[in-house]
Structure formats: C-alpha cells, structure tokens
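Report on one structure; see the data block that follows.
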2 protein chains.
Amino acid sequence: MFKTRSWERLWEDLLIGYLDEDLLPVLIEFFARPRAYTLSSCSGRITLSDSTYPWSREETSIVFKKHGPVEPVEIEDVLRHPVVRRLWLNVVGPIIHVSARDMDEAWEILRIAREAGFKHSGLLSVHPAKGVMLELRTGVRMTQLLALPGKRLHGREELESVVAVANEILGVGKERLGRLLEALRSNRPGELDPLVVEDEAAARWLG
Amino acid sequence: MFKTRSWERLWEDLLIGYLDEDLLPVLIEFFARPRAYTLSSCSGRITLSDSTYPWSREETSIVFKKHGPVEPVEIEDVLRHPVVRRLWLNVVGPIIHVSARDMDEAWEILRIAREAGFKHSGLLSVHPAKGVMLELRTGVRMTQLLALPGKRLHGREELESVVAVANEILGVGKERLGRLLEALRSNRPGELDPLVVEDEAAARWLG
C-alpha cells in the first residue's frame, strides 16, 4: 500500500516539475525491486543559504537552489542583496531514501550502494508497516562561506574559481548517481515488480 | 573478546596521546553498556588538506590537523607553502563508531544518538562475531576552499572571518558531544559492564 502510494506520488512529482529528471531512472530501478521503494530523494544540488550554519534550516534561509551547474552571475545577483546571517554556498551530492521490506533486502541495497560509491549510507529505522528505512549518500559535498553582513569574502575573480569548483563537485555527485544506476541494473533481483514492468511509461526506463 | 581488545586499545591510545581527551567520557559510557563498545572515533577537528576535493584522501593530503580551535596565524603559515592541488579548510563534528551486540541494542543506541542531535547516524553493517556496526554523526561540518595553485582566495582579514566561523562550528560539534554524554548517562542500562565498573581509572569517569 505504501509502495503504491509512493509510486503514484513519483509520477505526480514528475508532472509538476518537482522531480529532478536525473533521478527518475534510479528511482524506477528501486521500484522495480519487489521488496523496495523510494521516498523523498535528491540528485544533488547547489544552494545558497542565508543562515548561521550551512546545515541550518531557519525559515526562508535558502535563497537560491539549482539541480544543475550555476553561473557566477547567478551568485553575483544574490550577493547584491543584503546578508542577514551568513551567506553560504552549499553543494551536496545525491541523497536517496529507500524503504526495504526486510533486513535482507536492506543489507543488499546497502551493499549495492557502497559498490557505487555511496559510502555514507546506513539504516535509519525500522517500522512495522513501512519496513526498513535507508539513507544512501556519498561524501560528495562542499560548503563555502561567501559573505557576512555587509562584507563579501571573495573578489569577483576568486568567486569565479569557487563557482567552477562547486560545479565540478556537483558533477562528481551526478557521476556517482550514474554508477548507482549501473550497480542497480547489474544487481537486479530475479523477478521485477509488476507495478513497474506493467507500466508502459516506466518500463521503457528499465533499459 | 573484541570488546576487551578494544578496551585495552583505548587506554593505549590515551597513553600515547592518540585519543582525544574530549572523547574519553563518552567512550567510557559506551563501554559501560554491557552490549556495546566503540571503535575508532573522533571528537571533531579542523584540518587543512591539499587535495582535489575536501573528502579526497590522496596520500599526504592532510597538511594540518587540530582537535581544538585554530589561530589565523596557523593557517597563514600553511598558506606560505605552495599549493599542489587545492587547499581546503575542513571542519567536522564528532564521529563515533559503535559496535552493538544485537539489533535491539543497535536501535537503542541510535535512538539515544538522535536525541542528542546526532542526526546523520545509521547502521553500517552486521558481522556474525563483531555485531552490528553503527556510525554516529551530526550534520555539523564546513569546508572552505582557501587557495588554488599560486592563488589565494581570501585576503588576510577575510581569512580571519573564515577562521572565526570555523572555530565556532568546531565548538557546536563539541557541544553535541556533551549532549551525547548527557543522553548516554540518562539512558544507562540497568546493569553496567564489569569491564568498566571494576576498573578504577575508568569508573571515576562514570560521574
């Protein structure tokens, strides 16, 4: 029941543009496993946050968000606004939340994830109905303090160097996502979930 | 057997100065739980690495390491040397590796860790003899790109601001470690491990 609901939500999210396209084939591979499905996930992104710490989630702290490479001019635009707390550039690699029906499936998914370079993955919790919750993540990330109230920390040229490295790191995360897709495909269970196989729009992503 | 060996190693590490003193009372609390013990752990630290990415572990990439606050002059000293790849300042909060004898103990430790703000914690693996391996970590971290080959990215004054924020973030990590110590103390099992209780030097840390 939870899996079917999550499956429907995935296609709704895709329609309304909530779902990052880079992520779709990977999510479909998880749903194709009869004993697994995914929950909220991210293919990796670059954000700017006006927050005390890079991990803070104070209200409206995220002032810019993009799932692809950024241009220095996009950052310069944000830098023209006053900084309230601290302005951070944050890059995070992909993060995927998976529910597995039992421990065997959970450990198998963890093994596949490690093989693909998702080295910071682990089991988060066990729920009687929702199964074992896993978080799959890489160590691919970067933060950079760009400005304090009234004070930029980089000149224009230095900022360009920072942005180039941030984009490169975002790309490393996307590569890992590609490796995860390959690892899932070469470790498919014997039977695939009819939910995916019998869905024409989804099945063509099984490659 | 594995627990006793790890316990002996803890005291050897302390003697040779390998063990960070901030960590000792927390590790002793874990050993006092009859069904748990810790493996390599860190109370949080600031490093400088000359590496392609902040997470890279290329040989000799770490050029500076400290478990306490740093002075801007310490960073300036490193900046006087030529940069080969990229010079990163990295701050990480505490990371504790725990082995639990069974799943019940593993989930209980995970619950305590979450309560103390170790939100990025999870189960890493299960080993028939060594038990369930957990990694307990916070989201407390920061990276800052300081220099590229032949090019500093901050002036002296901007670097001082960066160092101040890095020290503050290291402090946030140490606070979380203090919360973990409190959470472990208020969630002690009914009986404590004789390994710790009967060890005079250790038992005085039980507070």
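Rundown of residues vs (1) in contact with a Lys or Arg (Cβ under 9 Å, 6 or more places away or on another chain); (2) without any contact (Cβ under 8 Å) to a residue 12 or more places away in the chain; (3) in a loop (DSSP other than H, G, I, E, B), yes/no style:
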position: A:ALA129; (1), (2), (3): no, no, yes
position: A:GLU158; (1), (2), (3): yes, yes, no
position: A:VAL163; (1), (2), (3): no, no, no
position: A:LEU184; (1), (2), (3): yes, no, no
position: A:LEU195; (1), (2), (3): yes, no, no
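Within segment A:155-169, the set of residues being open to solvent by 10 Å² or more (accessible area, probe 1.4 Å) and within 8 Å of chain B (Cβ to nearest Cβ) comprises A:GLU158, A:SER161.
A count restricted to segment B:114-127 and to residues that are open to solvent by 30 Å² or more (accessible area, probe 1.4 Å), more than 7 Å from every other protein chain (Cβ to nearest Cβ) and either within 16 Å of A:ARG137 (Cα to Cα) or not in a strand (DSSP E or B) (or both) stands at 5. The condition of being surrounded by fewer than 23 Cβ atoms within 10 Å (Cβ to Cβ), away from chain B (no Cβ under 13 Å), in a strand (DSSP E or B) and not charged (D, E, K, R) holds for only one of A:VAL78, A:VAL84, A:VAL63, that being A:VAL63. Any chance segment B:138-146 includes a residue that's more than 8 Å from chain A (Cβ to nearest Cβ) and in a strand (DSSP E or B)? The answer is yes, given that some residue of segment B:138-146 is more than 8 Å from chain A (Cβ to nearest Cβ) and in a strand (DSSP E or B).
The values are calculated or read from the model by the stated rules, or taken from the named source; none is laboratory data. In this text the structure is predicted, and so the values were computed from the model without any measurement. All Cβ positions, glycine included, derive from the backbone under ideal geometry; neighbour counts span all protein chains shown. Accessible surface is based on the protein model in full, side chains and every heavy atom, while ligands, DNA and RNA are left aside. Shrake-Rupley method; radii C 1.70, N 1.55, O 1.52, S 1.80 Å.
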